[in-house]
Amino acid sequence: MKVLEYPKSAKVFLVEVRAEFKKVTWPPRKEVSGTTVVVIVTVFFFGFYLYGMDVAMSYLAAALTRLVGT
């Protein structure tokens, strides 16, 4: 492709993108906010769960190293 053809192809691309966006069905605002809340709650739950597992495994590893004596 020649350098002078880039603006023309970019314009065609943007026109096609705009046409595709008109075909998209966007979810209602209430559905988006509901799923956002679910995602945030899930992230916090697994964050605290993994933090707790990390602390428990650290204590277990420390206890085992004290038991073995290395």
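The values are calculated or read from the model by the stated rules, or taken from the named source; none is laboratory data. As the structure is a prediction and not an experimental result, all values here were calculated from the model. As a convention, Cβ positions derive from the backbone with ideal geometry for all residues, glycine included, and neighbour counts pool all protein chains shown.
For residue 22, the stated conditions hold: it is modelled with pLDDT under 95 and out of contact with any Leu (no Cβ under 7 Å at 6 or more places or on another chain). Checking each residue in segment 34-70 for being polar (S, T, N, Q) and surrounded by 10 or more Cβ atoms within 10 Å (Cβ to Cβ) picks out 35, 36, 42, 58, 65.
Kindly evaluate residue 65 against the criterion of being of a type in the set (Val, Ile, Thr) and either in a loop (DSSP other than H, G, I, E, B) or in contact with a Phe, Trp or Tyr (Cβ under 8 Å, 6 or more places away or on another chain) (or both). Spelling it out, it is not the case that residue 65 is of a type in the set (Val, Ile, Thr) and either in a loop (DSSP other than H, G, I, E, B) or in contact with a Phe, Trp or Tyr (Cβ under 8 Å, 6 or more places away or on another chain) (or both).
Taken across segment 25-33, residues that are touching a Pro at 6+ places or on another chain (Cβ under 9 Å) and surrounded by 10 or more Cβ atoms within 10 Å (Cβ to Cβ) do not occur at all.
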